[in-house]
Structure formats: structure tokens, C-alpha cells
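Engineer: Got a structure for you, questions after.
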Amino acid sequence: MPREPLMGEEQPEAIRFAQVLGLLDADPHGCALATAVRAADGSIADFRLVYLNEAGCAFLQRPAQEMIGRTYRQLWPDTATDGTLPLYQRVVEEKIPAVRTVYHDRPTLTGHFEIRVVPLGDGFVARFVDLSKLTLGSQTEGGARLYDALDAAFDGFAVLQAVRDDTGRITDFRCEYINQIGAKLAGHSVEDRIGRGILEQPSRSAELDLFPQLRHVAETGDSWHQQIAVTGSAQTWESKAVRVDVDIVAVSYRDITEQVDRQRQLEQSAALAQAAVDRTDALQAVTAALAAASSPDEVYLAMGTVVRPTAGGQGLVVLLAEHDRLVLGYHAGYEDHVVRQLRELPMSHPYPATSVALTGQARYVGTPEQFDAAQPDPATAISRGGRSAWAFLPLSTAGQTLGTLVIGYRDAREFDPDERANLMAFARTAAQALHRALLHQAQLSIATDLQRALLPAALPTLDGARHAVRYLPWTQGADVGGDWYDVIQIDDARAAIVIGDVAGHSPRAAAIMGQLRSAVRAYAADGYPPADVIGRANQHLCRYEPNAMATCCYLELHLHNGTATAVLAGHPPPLRYADGHAAPLRVKPGPPLGTRQATYHQQTVTLPAGCCLLLYTDGLIEDRHHTIDRGLTELCQAIESAPTRDPDRLLDHILDAGVGPDPRSDDVAILALTLESHPAAPTP
């Protein structure tokens with residue numbers, strides 16, 4: 001190809017270009033020279049191929065005359081969209097070399113190729129190397145020129161010759177070539193490294209202990225690639241080694257400290273973000289578990305099963321403040337001898353939990369030494385047990401400190417600000433749940449006491465009959481129900497058994513229940529017939545509680561002749577069990593109490609000796625999901641399957657038989673009565 005001046009340059013520049021072309025002609029790898037094609041505004045619109053060496057023609061599988069003089073868009077249309085042209089434009093405009101690697105898998109071209117682009121005048125030189133066939137050596141002029149090119153490379157590069165002993169074992173590698181960057185990274189000059197073994201003098205290469213990896217590459221032909229932290233510095237290298245010929249290993253390495261630091265920062269940021277998410281998820285789990293707890297025992301169970309593992313602790317103790325002392329409320333994961341010590345502590349004790357309960361300020365003890373220092377007297381000190389760190393957290397809510405939550409850890413630790421904030425959030429949530437549960441328990445206790453106070457403390461003993469009762473409250477907070485029962489001794493021959501239910505769950509319902517019970521007792525004691533007793537009770541309710549409603553079942557027993565007179569006021573009928581068969585008494589029902597101008601009818605039924613009567617409120621057999629017919633059938637079957645007619649044992653059997661709704665949603669009152677015999681009437 002004629003060597004004429006290019007692009008109008010004067011002869012000295014042309015001579016320089018001719019030398020470049022001579023170098024490219026001798027290069028065994030593909031080389032191309034292109035000049036910029038500029039638009040009217042001076043911007044680079046394309047590149048025209050002006051030179052291609054023989055290796056390049058072989059590489060591209062096309063003769064030079066078909067390509068030289070044509071633009072890149074004409075030769076390779078996809079260069080405008082695959083990023084090639086923008087890369088070449090930057091090289092020419094910014095005068096900065098660039099490297100790109102491509103992989104082709106075509107019938108005419110297969111391999112992994114590296115393309116190095118170097119600015120040259122108003123164009124560039126591109127050198128494309130088949131990386132899978134790369135061999136290095138200084139035997140050829142092209143190889144020597146290639147070493148010159150490598151001297152200008154961005155990364156460290158070295159060619160190493162294996163040194164073998166008499167047995168053929170590789171004992172060292174002699175540096176045949178190293179570029180300036182590589183020598184600098186290795187901490188030496190090029191002169192110091194060329195011709196020397198890598199193990200002959202102390203260097204960073206030796207410190208990195210690359211020798212075993214290099215020997216493996218030389219012996220097996222396997223490539224090696226790894227990131228290495230440089231000993232004694234904060235640097236990180238990325239190093240690669242490949243065998244390029246027998247006993248020849250090429251090593252490239254670069255300083256990637258900045259990239260690694262950036263990646264580490266990203267990972268740390270991601271870890272912090274994930275930790276924040278984990279803390280939020282943990283707090284949500286704890287909140288959900290504690291929100292579902294309605295009693296102190298359920299709160300303690302949530303603390304032991306959710307709070308303790310979520311907080312990472314191996315032991316948990318709840319100490320509640322009572323006057324001038326701390327009392328153990330709950331413990332999990334603590335040894336028995338430590339639990340005994342924590343049963344009751346005066347507020348003057350140096351154990352850190354006491355000061356936390358007094359001040360409402362958390363304390364964190366990170367080592368056993370700190371724990372021992374807080375309790376200097378071994379005779380009174382609380383034992384560490386198997387723990388080495390502790391978080392003492394105030395159980396504070398609504399301006400009140402209930403006590404101290406203690407979380408113990410097996411290993412010593414530092415409580416960083418994030419962990420402390422998380423633990424305090426756990427403690428606040430636990431305190432709110434515990435305060436709510438304790439208040440609920442107190443209200444429930446008050447409600448239960450009130451309800452029982454309105455029911456008979458004791459029932460009279462009847463001649464010839466045995467009876468038993470059960471009352472199952474279903475209360476929420478301070479709500480109390482209106483179910484009641486009674487046994488009234490009218491005279492020696494008569495007794496009344498009563499069961500009733502005031503609508504609603506409230507203190508008012510309980511108060512109305514108390515009024516009705518007292519009214520029924522008074523009217524029965526005055527000797528009114530059963531229908532009049534219920535009628536007068538209805539008038540009493542309509543007069544004094546006009547918006548209230550109640551149901552009632554009233555039976556007057558005639559103990560000497562085995563009969564009973566029954567009245568129903570909107571209440572389920574009682575059951576009679578005799579001769580192995582249980583069935584409702586056939587009694588004409590009347591309207592509920594609280595119905596104006598209501599009329600009630602009484603009906604006398606026979607009670608054979610040995611029969612059983614069962615009176616109950618509707619909560620036993622029905623709710624909106626459980627029909628009354630189904631409940632009555634289940635109740636009759638339970639009575640018939642009872643192994644005994646003893647009233648106490650009969651009631652236990654019924655309650656264990658799964659009768660009615662489960663779970664229950666109303667109070668339940670049950671009264672069972674068994675007639676043993678018909679006592680003789682007293683002699684006049």
C-alpha cells in the first residue's frame with residue numbers, strides 16, 4: 001500500500017504516520033486506522049476506514065479493498081446503536097484511549113475479543129486481539145512493539161517465566177516483562193523487577209503470596225482471577241493470571257480500592273436499610289402479639305415467645321413495682337436460684353432494676369464487670385447466672401412506671417443507639433399491653449365480685465330433693481350480665497326454683513337483675529300463686545324499669561305430692577329427665593317480663609320420684625350461629641348420657657359434653673334438681 005501523506009498533513013507528520021503504519025503492518029493482531037467524518041457544525045458524524053492490516057482482514061474475513069474508504073455506518077450499520085460510534089467519538093474528542101471487549105459467536109467469527117482504541121490525529125487506531133489466542137514473546141518485531149504498547153496500558157501487566165529445578169519442579173518465576181504501572185503497583189521500578197525472580201526480593205507480590213496460584217496456572221493451564229487485600233495497606237487489587245505459552249504466565253492486576261470502598265459503602269448502606277426494615281418488622285411483630293393479649297398471663301406469654309427472641313436475649317424477667325419493693329411478675333430463661341433471688345426486692349437494693357423502676361430511665365450493662373460493680377456487696381448481690389450483658393428497661397406508660405423489664409444476654413455486648421431505641425420501643429409496647437391487661441383484670445375481678453354479690457350466697461336445703469347450680473360469666477371489662485337463679489323455701493311443703501335472664505351486659509343489667517330477684521322472692525314468700533308472682537314481677541319491671549326486658553322460668557314444687565306448677569315468661573322450657581328420657585316440659589309460654597298488659601298462665605306437671613329437672617338460661621344452648629333446636633337436642637342427649645343423677649356430677653357432665661355454642665358469647669346459669677322421694681305430708 002503506498003505511503004502517502006494522510007489528511008493533508010506535511011511531510012514530517014506523514015513520516016510519523018508512515019512509521020505508525022509500519023508498526024501496524026508488523027502487528028500479528030488486527031489493526032485499523034479511521035478518520036473522523038464531521039458534520040457541518042463540526043461534530044463527528046461517522047468515521048471512514050483508511051487503513052486495515054492483513055491480520056485485520058483475516059480477522060474480519062473480508063479483503064481490504066472492499067472496506068477501505070467506506071464509513072463505519074456503511075460497513076457496520078449497528079455501530080450507531082450498539083455504543084461503538086459514541087465510544088470512538090469520545091476517544092477522538094477527549095484524546096483518551098479506551099478499551100472494550102466483545103464476544104462473537106458466528107459461523108465466520110467466534111471468540112472473545114479485546115479492542116483497544118487510541119486517538120491519532122483527527123481519528124483513531126483500533127487494535128483488536130483474539131484473547132483466546134493471545135501469545136506474548138519478544139522474538140518478533142510485532143511482539144516487541146506490543147510490549148511498548150503495554151507500557152502505556154492503564155493496568156499493571158507482567159510476563160513471568162517459570163523457573164524449574166533439576167527435578168522439573170517450579171521453584172520461582174522470573175519477570176521477563178513488567179510495565180510501568182505494574183512495577184509501581186508492586187512497589188519497585190521496572191529495572192528492579194526485570195530479570196529477577198518474584199521470590200528473590202521482598203515485594204508486594206511476595207507479600208500477597210501469589211506463587212502457589214501462579215504455579216498452578218503454569219502447570220495446569222487453568223486461569224486464575226481473584227480480588228486480594230494488600231497486606232499492610234488499605235489497597236485492594238484485582239488480579240488475573242493465564243498461561244500463554246509453555247512455562248509463560250501473563251499476569252494483570254489493577255488497584256480497585258476505590259471501587260471496593262464504594263461497593264462496601266453501598267453494602268453498608270443496604271445493611272443499615274435492611275436493619276431498619278428488620279427493626280420495623282420486629283416491632284410490628286411484637287406490637288401484634290401484645291395487642292392480641294388481653295390478660296397479664298397472655299402478655300407475659302407474648303413477652304417470652306416474641307419479645308425475648310426478637311430482642312436477641314436469652315433471659316427475660318418482669319419485675320412489678322408494689323409500694324416500696326419490686327415483685328417478680330414473670331420470668332423466662334433464668335436459672336432457679338436467680339429467680340428465687342428476684343422474688344421480692346426492696347427499692348433500696350443496688351440491683352439496677354430498682355433504680356430503673358424509681359427513675360424511669362433505662363440502664364444498659366454490657367459486661368459482667370459492670371454488673372458486679374453495680375452491686376459491690378457479694379452477700380446481697382443478685383447472681384449473674386449464665387448472662388454477661390443486660391438491658392434494664394422501664395415499663396412506663398401514661399406517666400406511670402409499672403416496673404422493670406430485664407433482658408439478659410449470654411455474651412458481653414455494646415448496646416448501640418439503634419439497639420437501645422429498639423429495646424425502648426419494645427418496653428413501651430409491652431408496658432402499654434401490660435397496663436391494659438392489669439386494668440382489664442381488675443375490672444373483670446370487680447365485675448365478677450359484683451355479679452356474685454347479686455346472686456344467692458347459699459341455697460336452702462329441701463326435704464326430699466337435692467339441687468346444684470353453676471354460673472359461667474361472660475364479661476368484657478366492667479360489663480356484668482343479668483342471669484340469675486334462686487331456690488326459695490315457701491313453706492314445709494312448697495319451694496320455688498327460679499332462673500332468669502335480664503337482657504344486656506352492663507351494671508344496669510345487673511342492677512335490674514337484683515331488683516327482679518328480690519321482687520320474685522318477696523311475692524313468692526307472700527304466698528302468691530306462680531302466675532301472680534310472675535305477673536307482679538312484670539308490673540314491677542314495667543313501672544320502675546320501663547325500658548328493660550327479661551325472661552324467667554318459675555317452678556313451684558309441691559314436695560309432698562310430686563307435682564310442680566310452672567310459669568314461663570319468654571324463657572326456654574325446663575327439661576325433665578325420667579325413665580331414661582329427657583324432654584322439655586310442655587308449658588304454655590308467656591311474654592317476656594317488661595311487656596305491658598301481659599297475661600301469664602300457670603300449668604301443673606307431674607314429677608315422678610327420682611326424676612331430674614334442669615333449668616338454664618339461653619346462653620347454654622344458642623347464639624346467632626347455634627340454633628335453639630340444635631342446642632336443646634344436644635342438651636337432652638347430654639342428660640341422657642350422664643352416668644349419674646347426682647345434680648353436681650350431672651352439671652359437670654353437661655358442661656364437659658360440648659353442649660351449645662363454642663366459644664360461648666353469653667352468660668350461662670344452670671340449676672339441676674333431683675327428687676329423691678315424695679316425703680309424707682306432716683300430720684295435722
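The values are calculated or read from the model by the stated rules, or taken from the named source; none is laboratory data. Owing to the predicted nature of the structure, the values given are computational and were not obtained by experimental measurement. A quick note on method: Cβ atoms are made from the backbone with ideal geometry, for glycine too, and the neighbour counts reach across all protein chains shown. In case anyone asks, the SASA skips ligands and DNA or RNA and just uses the protein heavy atoms, side chains included. Shrake-Rupley method; radii C 1.70, N 1.55, O 1.52, S 1.80 Å.
Engineer: With each label point set 7 Å from Cα along the Cα-Cβ vector, what nm distance links residue 73 and residue 370?
Structural biologist: 7.1 nm
Engineer: A follow-up question, please. Near residue 348, within a Cβ-to-Cβ distance under 15 Å, what is the net charge of the other residues, with Lys and Arg +1 and Asp and Glu -1?
Structural biologist: Result for the neighbourhood of residue 348: -3.
Engineer: Under 13 Å Cα-Cα from residue 240, which aspartates and glutamates qualify once same-chain neighbours fewer than 8 residues away are excluded?
Structural biologist: Those aspartates and glutamates meeting the cut-off are 155, 222, 255.
Engineer: Next up: Keeping all protein chains in place, calculate the accessible area per residue for the range 567-684 (probe 1.4 angstrom), answer in Å².
Structural biologist: Per-residue value: 49 Å².
Engineer: Loop only by DSSP, 16 or fewer other Cβ within 10 Å of the Cβ. Give me the trypsin sites (Lys or Arg not before Pro) in the range 296-368 that pass, ordered by residue number.
Structural biologist: In loop regions of the range 296-368 (DSSP not H, G, I, E or B), the sparsely surrounded trypsin sites (Lys or Arg not before Pro) are 343.
Engineer: Shifting gears a bit: So what's the net charge close to residue 114: Lys and Arg +1, Asp and Glu -1, counting the other residues with Cβ under 10 Å from its Cβ?
Structural biologist: +2
Engineer: Sort the following peptides by mean Cβ neighbour count (other Cβ atoms within 10 Å, averaged over residues), highest first: 38-49, 528-539.
Structural biologist: In descending order of packing, they fall as 528-539, 38-49.
Engineer: Which net charge results for the neighbourhood of residue 494, defined as the other residues with beta-carbon distances under 12 angstrom from its beta-carbon, given Lys and Arg at +1 and Asp and Glu at -1?
Structural biologist: After counting each charged neighbour, the total is -4.
Engineer: Are there any GluC sites (Glu not before Pro) in the range 330-425 that are in a DSSP loop and have at most 12 other Cβ atoms within 10 Å? List them by number.
Structural biologist: Hits after loop and neighbour filter: 414.
Engineer: By its C-alpha gyration tensor, with a ≥ b ≥ c as the square roots of the eigenvalues, how is the range 352-408 shaped: rounded for a/c under 1.5, else prolate for a/b larger than b/c, else oblate?
Structural biologist: prolate
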